[in-house]
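> The following block contains the structure, expressed as structure tokens.
The values are calculated or read from the model by the stated rules, or taken from the named source; none is laboratory data. Computed from a predicted structure; not experimentally measured. Cβ placement follows ideal geometry from the backbone for every residue including glycine, while neighbour counts extend to all protein chains displayed. Quick note on the areas: whole protein, heavy atoms, side chains included, nothing else; ligands and nucleic acids left out. Shrake-Rupley method; radii C 1.70, N 1.55, O 1.52, S 1.80 Å.
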Amino acid sequence: MHKRVVFRERWLAYLLLAPQLAITLIFFIWPASQALWQSMLQQDPFGLSVQFVGLENFERLFANPDYLNSLEVTALFSAAVAFSGIAIALLLAVMADRVLRAATFYKTLLIWPYAVAPAIAGVLWLFMFHPTIGVVAWLLGKIGYAWNHHLNGGQALVLVIVAATWKQISYNFLFFLAGLQAIPKSLIEAGAIDGAGPGKRFWTIVFPLLSPTTFFLLVVNVVYAFFDTFGIVHAVTEGGPGQDTTILVYKVFKDGFIGLDLGGSAAQSVVLMAIVITLTVIQFRWVERRVQYG
Amino acid sequence: MVEHRPFLTFLAHFVLIVGVAVTALPIWIVLVTSTQEASDVLRAPIPMWFGDQAIENYKAVLGVGITGSSSGPVGPMLLNSLVMALAISIGKIAISLLSAFAIVYFRFPGRMLAFWTIFVTLMLPVEVRILPTFEVVAGLHLLNSYAGLTIPLIASATATFLFRQFFLTVPDELTEAARVDGAGALKFFKDILLPLSRTNIAALFVILFIYGWNQYLWPLLVTTDESYYTVVMSIQRMIQAADAAPEWHHIAAVAMLALMPPVLVVVLMQRWFVRGLIETEK
């Protein structure tokens with residue numbers, strides 16, 4: 001962060017920073033501090049008075065079975081999305097890396113789901129799985145498996161996982177392909193000369209060299225599953241049936257915006273903030289490490 | 001490849017073709033559904049090939065919308081989405097260019113504080129501060145306005161970092177030469193830094209356009225007036241209405257209209273897109 005040559009007008013520097021800082025303070029830092037503060041307040045049932053209750057909102061939150069259930073659903077959901085998204089993307093990237101000349105062609109055909117909004121991705125898969133019009137639901141019915149995600153919580157969760165994974169594969173694919181193409185061919189050749197077949201070479205040479213990319217994608221995918229999938233859940237299942245697809249972000253929205261539970265929603269916001277901050281720090285620590293030793 | 005193994009090459013193509021097909025299948029089905037008559041898409045199995053109602057369906061959703069969804073015609077929504085996507089992407093790029101310029105090319109008290117303040121926004125997505133941000137926007141009377149839809153989203157740590165990173169690689173000799181020629185800070189910024197940043201701006205624009213177009217939660221919070229609805233957020237109301245009066249052919253048309261613009265941007269600007277995606281994650 002050093003330039004030998006700098007300009008001297010200080011006032012100009014402040015002026016240049018002003019728009020970004022104003023927006024950051026008004027719409028980011030101030031609301032976040034409000035959330036922190038409100039998370040320690042409680043409103044009486046008529047909304048007439050507010051009192052300071054310290055950490056009581058958090059105690060209530062973690063004693064609330066609905067919230068614990070939502071934590072569990074979120075953990076399952078993000079683990080499934082991250083794992084399947086990474087596994088499928090890695091498979092496709094390894095295959096694309098094999099067919100060098102056609103790789104660009106396949107790349108074009110695989111990357112566009114990135115541009116589809118989560119809510120729209122949800123709708124696309126709703127068309128596939130809808131109990132009355134969905135092709136997949138219909139085919140499943142033919143082989144004797146009744147699909148109705150309006151009634152079956154497990155099926156609803158599968159539906160949102162499929163939609164969320166579908167959208168994320170393109171992103172993972174691009175990073176894996178870039179990672180694969182950066183591996184020196186000499187390493188692979190050396191492996192081949194030593195008599196290692198393609199499978200063995202993958203697990204002993206390629207996969208370990210990809211592990212930084214994999215780790216990075218793991219964090220990014222978990223963040224994605226936690227925060228960017230709100231649209232899928234809201235548009236397709238509305239957290240239901242029951243609470244079966246109520247991920248944390250959806251719950252904050254529902255309790256705060258529809259249920260108008262000020263303190264409880266603020267406490268949930270604070271928990272989510274803690275999660276994002278942890279994940280961001282992990283991600284940046286990793287990026288720094290890679291820059292230093294890579 | 002290292003050795004010639006026809007079977008593995010065949011397998012690679014096979015897996016990739018299956019991958020491409022599965023990826024494209026839902027779009028295919030929705031595209032085909034958007035060209036059918038209502039009565040053909042009430043029950044599975046729905047047709048897998050185009051019908052002849054494309055023009056009628058798209059005309060209906062653009063001009064009239066979905067009956068019973070209380071969200072109006074889709075034409076104006078597309079316009080709102082476009083305004084939002086452009087305002088967010090241009091706004092983010094503009095204010096990030098300015099702040100990165102200030103942080104890299106000036107020395108002033110509070111410089112690191114400003115840097116970290118911007119950094120913190122990375123850790124505070126809308127999703128974690130829904131209610132208080134809504135209150136701020138309501139307090140400023142920005143609900144149901146383009147300003148409320150866009151301004152709170154245009155702070156950008158990633159864009160600022162990207163430009164900062166890039167400015168640091170610009171040789172000092174250029175700055176010196178500009179100074180010798182008597183150019184002030186703003187002139188240097190406008191005539192030298194901006195033209196040099198063109199490729200970064202293009203790459204970032206693709207990513208941010210998609211980000212802006214695909215916003216969902218934020219427009220859902222700040223708009224209650226139909227004339228500010230965006231197409232992506234309205235799809236939910238339409239599906240809800242579909243449970244009572246199924247208009248799947250129309251919903252499919254809306255979904256196609258909602259996903260086409262960002263998908264086209266990615267496909268047409270693929271090189272910038274890939275570059276932007278990888279750059280913004282550094």
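> Give the span of region A:118-241's Cα atoms along each principal axis, as three whole-Å numbers ordered largest to smallest.
56, 35, 19
> What relative contact order, as a whole-number percentage, does region B:34-280 give when Cα pairs under 8 Å and 6 or more residues apart are counted?
34 percent
> Does anything in region A:1-25 have its amide N under 13 Å from the 7 Å Cα→Cβ label point of B:Leu168, and if so which residues?
From region A:1-25, the list is A:1-4.
> If the only charges are +1 at each Lys and Arg Cβ and -1 at each Asp and Glu Cβ, what is the size of the charge dipole of region B:35-156 around the Cα centre, to the nearest 20 debye?
Values: 6 positive and 6 negative charges, 145 e Å.
About 700 debye.
> Using the Cα gyration tensor of region A:65-293, with a ≥ b ≥ c the square roots of its eigenvalues, what is the shape: rounded (a/c below 1.5), prolate (a/b larger than b/c) or oblate (neither)?
oblate
> Computed FRET efficiency, Cβ-Cβ of B:Arg107 and B:Ala202, R0 35 Å: what is it to the nearest 0.05?
E between B:Arg107 and B:Ala202, to the nearest 0.05, is 0.70.
> In whole percent, and with a 1.4 Å probe on the protein chains, what portion of the accessible area of chain B is carbon and sulfur?
That share works out to 69 percent.
> Related question: Using the scaling law 2.2 N^0.38 Å as the reference, what is the normalised Cα Rg of region B:34-280?
Numbers: Rg = 22.3 Å, N = 247, 2.2 N^0.38 = 17.9 Å.
Here the answer is 1.25, to two decimals.
> Still on this model: Determine the shielding of peptide B:14-23 by partner chains: average, over its residues, the number of Cβ atoms on other chains within 10 angstrom of each Cβ.
Numbers: counts 1, 7, 14, 3, 2, 11, 6, 1, 3, 11.
Counting Cβ atoms of other protein chains within 10 Å of each residue's Cβ and averaging gives 6.
> For A:Leu41, enumerate residues with amide H under 5 Å from its amide H, sequence gap 5+ or separate chain, H modeled in the peptide plane.
A:Val53
> If each Cα of region A:189-247 is one equal point scatterer, what is log10 of I(q)/I(0) from the Debye formula at q = 0.13 Å⁻¹?
-0.57
> So, one more: Ranking request for peptides A:110-120, B:105-115, B:217-227: highest mean number of other beta-carbon atoms within 10 Å first, then the rest in descending order.
Ranking, from highest mean packing down: A:110-120, B:217-227, B:105-115.
> Please identify the DSSP H helices in chain A that span no less than 18 Å along the helix axis (Cα) and have a mean Kyte-Doolittle hydropathy of 0.0 or more.
Helices meeting the criterion: A:10-24, A:65-98, A:153-181, A:207-223, A:262-293.
> Compute the Cα gyration tensor for region B:28-108, then decide on rounded, prolate or oblate, letting a ≥ b ≥ c be the square roots of its eigenvalues: rounded whenever a/c is under 1.5, prolate when a/b is larger than b/c in the other cases, and oblate in all that remain.
Since a/c reaches 1.5 and a/b is larger than b/c, the shape of region B:28-108 is classed as prolate.
> Through the Karplus equation 6.51 cos²θ - 1.76 cosθ + 1.60, θ set to phi - 60°, convert the phi angles of region B:122-135 into ³J(HN,Hα) values in whole Hz; use x for Gly and Pro.
The phi angles translate into 4, 8, 10, x, 3, 4, 9, 9, 3, 5, x, 5, 4, 4 Hz.
> May I pose another question? Provide a whole-number value for the mean count of partner chain Cβ atoms within 10 Å of the Cβ atoms in peptide A:220-227.
1
> Here's another thing I want to ask about it. Across region B:165-177, in residue order, what do the Karplus-derived ³J(HN,Hα) couplings come to in whole Hz, using 6.51 cos²θ - 1.76 cosθ + 1.60 with θ = phi - 60° and x for Gly and Pro?
3, 5, 4, 5, 8, 6, x, 4, 4, 4, 5, 4, 4
> To continue, here is another question. When N is the residue count of region B:72-181, what does its C-alpha Rg come to as a fraction of 2.2 N^0.38 Å?
So the Cα radius of gyration is 1.36 times the expected 2.2 N^0.38 Å.
> Got a sec? Charge dipole of region B:219-282, +1 on Cβ for Lys and Arg, -1 for Asp and Glu; which of B:Met238, B:Leu257, B:Pro219 is way out at the positive end?
Result: B:Leu257.
> Between A:Phe257 and A:Ala182, what FRET efficiency follows from the Cβ-Cβ distance if R0 is 56 Å, with the result rounded to 0.05?
0.80
> Could you tally the net charge around B:His249, taking each other residue with its Cβ under 14 Å from the Cβ of B:His249, Lys/Arg +1 and Asp/Glu -1? Mind dumping the intermediate values first?
Numbers: positive: B:Arg43, B:Lys59; negative: B:Glu37, B:Asp40, B:Asp52, B:Glu56, B:Glu247.
Combined, the nearby Lys, Arg, Asp and Glu give -3.
> Okay, next question. Ballpark to the nearest 100 Å², how much total accessible area do B and A bury together, probe 1.4 Å?
10100 Å²
> Show that you can apply the helix-only estimate: for the protein assembly as shown, add -39,500 (n - 2.57) for every DSSP H stretch of four or more residues, divide by all residues, and state [θ] at 222 nm to the nearest 500.
-21500 deg cm²/dmol
> Put +1 on the Cβ of each Lys and Arg and -1 on the Cβ of each Asp and Glu in the protein assembly as shown; which of A:His150, A:Gly259, A:Ala89 then has its Cα farthest toward the positive end of the dipole?
A:Ala89
> In a Gaussian network model over chain B where Cα atoms closer than 10 Å are linked, find which of B:Val15, B:Val170, B:Val61 has the largest mean-square fluctuation.
Maximum fluctuation in the GNM of chain B, among the listed residues, is at B:Val15.
> What net charge is computed for the residues neighbouring B:His141, neighbours being all others with C-beta under 14 Å from the C-beta of B:His141, Lys and Arg scored +1, Asp and Glu -1?
Net of charged neighbours comes to -2.
> Here's another thing I want to ask about it. Could you state the accessible area per residue of the protein assembly as shown in Å², with a 1.4 Å probe and every protein chain left in place?
Numbers: 24470 Å² over 576 residues.
With all protein chains present, the protein assembly as shown gives 42 Å² per residue.
> Let me see the pair-distance distribution of the protein assembly as shown: every alpha carbon pair, 10 Å bin width, integer percents in order.
Calculated over all Cα pairs of the protein assembly as shown, the distribution is 3, 16, 25, 26, 18, 9, 2, 0, 0 percent.
> Okay, next question. Rounded, prolate or oblate: which fits region A:71-135 when a ≥ b ≥ c are the square roots of the eigenvalues of the alpha-carbon gyration tensor, with rounded for a/c under 1.5 and prolate only if a/b beats b/c?
Cα axes put region A:71-135 in the oblate bin.
> Relative to the Cα centre, what is the charge dipole magnitude of the protein assembly as shown, using +1 at the beta carbon of each Lys and Arg, -1 at the beta carbon of each Asp and Glu, and rounding to the nearest 20 debye?
1860 debye
> How large is ³J(HN,Hα), in whole Hz, for each residue of region A:247-261 in order, when computed from phi with the Karplus curve 6.51 cos²θ - 1.76 cosθ + 1.60 and θ = phi - 60°, using x for Gly and Pro?
7, 3, 5, 5, 5, 4, 4, 5, 5, x, 8, 9, x, 6, 8
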